[in-house]
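Remarks on the structure that follows.
Just so it is clear, none of the values below were taken in a lab; they were calculated from the coordinates. Keep in mind the model is a prediction, meaning the values are calculated, not measured. Backbone-built Cβ (ideal geometry, glycine too); neighbour counts: all protein chains shown.
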Amino acid sequence: MVTLQDKLSSQVSLLREQKAAILKEHGDRVISEVTVAQAYGGMRGVKGLICDTSLVEPDKGLIIRGIPILELTDKFPQEIFYLLCTGELPGERGLTALFNDLSGRSEVPEYVFSVLKAMPQDSHPMVMLNTGILVMERESEFRKMYAKGMNKKDYWKPMLEDALRLLACLPGIAAAVYRIHYNKGALISYDKDLDWGANYAHMLGIDDPDGEFAKLIRLYLVLHSDHEGGNVSAFSCHTVGSALSNAFYAVCAGLNGLAGPLHGLANQECLKFVLSINERYNGTPTKKQLEDFAWETLNSGQVIPGYGHAVLRVTDPRFTAFLDFGKRSFPDDPVFKTAELMYDTIPDVLREHGKAKSPWPNVDAVSGSLLYHFGLKEFSYYTVLFSVSRSMGMLAQLIVNRMLGTALTRPKSVGTKWVEKQAEE
Ligand code: HAX
C-alpha cells in the first residue's frame, strides 16, 4: 500500500459502510435548526454539510484531520494533500510515490500557455488562472470515463486521476500567469528533482539564493490548504462537483469564489492597506498614527482587511505561523514591521468600534508582507498563490465525496412572502 491510489482503495469500502451505518442509525436525528436571520445571513452556523478533511474551531483555528495546523508547518505541501485525502500522513515510501505521481503529471499542455498569452493584458491574474484550469478540462479522465459508461462506485478513481493531474499542473499554470502577466520573460519548466512546493517557487523565477523563498512558498501552501467545507470556495466547489462536474469545472468554480474581496482577495487588499500606511507615514508609523489611520478607514465605511473572520474568534494560528517566519527571518523589514504593529493595535480599535464579532487577525493580515519582502511585489497575484494551495483542500474534498457517493446539493429556498406568512402564523 504505497501510492495514494492504493491507500484510498483500501479505505473506500469502510468509508461507505460507515456512512451507511450512520444514516441507518441516526438518519432522522436533528443536528441543526435554521432561523430567519441565518437564512438572510449567509447560513452562518447552519450545520448542513459533511466535511472530514479539516475543521475550523472558533477558539482553536484550523485542524487538519485531527492535527492542529501549527503542528504541520514543517511538512511538505504534498504530505498535507495526502493527509487531507486519507486522514494519515504518508510514510517515506508513500511520499516518494506521491512525489513521482505529481512530477509524472506536471507537464502543462502547450495550448494552456497559448490561451494565457492571448488574454488581454489587464485580465486579473485570477481570471487567467481560472481560464487556464478550465481550458484544461478537455484532459479530464472523469469526463472520458463517464462518457464511456462507468459503475457509480468507480467515480472516485478518475476523479483522483483528474485531481492529481490538476494539482501537478497548477504550479506551472500559476507560475505562467505570473511570468506572462507581469512580463517576467520566458516560462520556466518543472524541475523533476524538486518537490511540488519548491517547484512552484522555482517556476515563479524569484531570486532565491539561500532557498528561503522556497521555504516560504512551502509554508504558504501548507497553511492555506483547507478550511473545512462551508467557506465560499469549498462550498462552491462542492456544489458544482455534486452535479458530477469534473475536478476542472469544480475547482475553477471554487476559485472564482476565492477571487472575492471578502475571501481570498483579502490578502491583496491587506498588503495594499499596509503599503498605504507606510506611504502616508514614510515608513512604519507610530502606534498612535496607526490607530488614527484605522479609525479613518472605519469611519469611511470600509473594513480593515486581514481582521475578523466568519468563524474564528481567536488569532488565526496560520497568522501566527507567518508572523513567526517574519520575526525569525527579517524582523526589521518596514512592511513586515507595520503588519506586526497592526497586530498590536487593530484588535483594540475593532473592539472599541464594536461591530466585528472577532477583532483578531486572519491569515491574510501578514502573508502579503512576507511575499513582498522576497520581491514578489505584485499583490494582485497573491490570490493565485492562495488558490494553488486551497486547490489541495478542494480536490481532497472532491475525492472523498466521490468515494462516499455524496448526493447532489439542493437545499430549499423560500421567498420573502413565505417568510412573512410564517411570521404571521
Ligand atoms: N473591519 C471593519 N468591520 C468589520 C471587520 C473588519 N475587519 N470585520 C467585520 N466587520 C463588520 C462587518 O462588516 C459587519 O458589519 P455590518 O453589520 O455593517 O455588515 C459586522 O462587523 C459583523 O461582521 P462579522 O459577523 O464579524 O463578520 P462576517 O462573518 O460577516 O464577515 C469577514 C467575516 C472576514 C468577511 C469580515 O470580518 C471582513 O470583512 N474582514 C475584512 C476582510 C478580510 O480580512 N477577509 C479575509 C477573511 C479570511 C478569508 O476567508 N480568506 O480567504
Relative contact order %, the chain, counting alpha carbon pairs below 8 Å whose residues are six or more apart: 22 percent
Report the Cα centroid-to-centroid distance between the stretch 142-204 and the stretch 262-330 in angstrom, as an integer. 32 Å
Which order results if Ser54, Ser236 are arranged by neighbouring Cβ count within 10 Å, fewest first? Ser236, Ser54
What is the stretch 1-73 by shape, rounded, prolate or oblate, if you read a ≥ b ≥ c off the alpha carbon gyration tensor as root eigenvalues and call it rounded for a/c under 1.5, prolate for a/b larger than b/c, and oblate otherwise? oblate
Tell me, what are the semi-axes, in whole angstrom and largest first, of the equivalent ellipsoid of the chain as set by the roots of 5 times the Cα gyration tensor eigenvalues? 34, 30, 20
When the chain is treated as a GNM, springs tying every alpha-carbon pair under 10 Å, which of Ala396, Ala214, Ala39 comes out with the largest mean-square fluctuation? Ala39
3J(HN,Hα) from dihedral phi, the stretch 34-48, Karplus parametrisation 6.51/-1.76/1.60, rounded to Hz, x for glycine, proline: 10, 8, 4, 4, 5, 5, 7, x, x, 6, 3, x, 6, 8, x
Bin width 5 Å, alpha-carbon pairs only: give the P(r) of the stretch 108-166 as whole percents, running from 0 to the bin holding the largest distance. 4, 17, 24, 17, 14, 11, 8, 4, 1
Rounded to a whole number, what is D in µm²/s for the stretch 97-232 from Stokes-Einstein with the Kirkwood radius over alpha-carbon pairs (37 °C, 0.692 mPa s)? 202 µm²/s
Taking neighbour Cβ counts within 10 Å as the exposure measure, how do Asp28, Asp195, Asp324, Asp344 sort from fewest upward? Asp28, Asp344, Asp324, Asp195
Restricting to DSSP H runs of at least four residues, report the calculated mean residue ellipticity at 222 nm for the chain, -39500 (n - 2.57) per run over all residues, nearest 500 deg cm²/dmol. -19000 deg cm²/dmol
Can you tell me the FRET efficiency between Val36 and Arg16 if r is taken as the Cβ-Cβ distance and R0 is 35 Å, rounded to the nearest 0.05? 0.45
Quick one: grab Rg to one decimal and Dmax as a whole number for the stretch 213-257, Cα atoms only, in Å. 12.5, 39
Size-normalised alpha-carbon gyration radius of the stretch 239-374, reference 2.2 N^0.38 Å: 1.15
Please report, in debye to the nearest 20, how large the charge dipole of the chain is about its Cα centre when each Lys and Arg carries +1 at its beta carbon and each Asp and Glu carries -1 there. 1200 debye
Rounded to the nearest 20 debye, what is the charge dipole size of the stretch 3-123 about its Cα centre when +1 sits on each Lys and Arg Cβ and -1 on each Asp and Glu Cβ? 300 debye
How do Val303, Val366 line up, fewest other C-beta atoms within 10 Å first? Val303, Val366
Using only alpha carbon pairs under 8 Å that are at least six residues apart, calculate the relative contact order of the stretch 48-160 and give it in whole percent. 13 percent
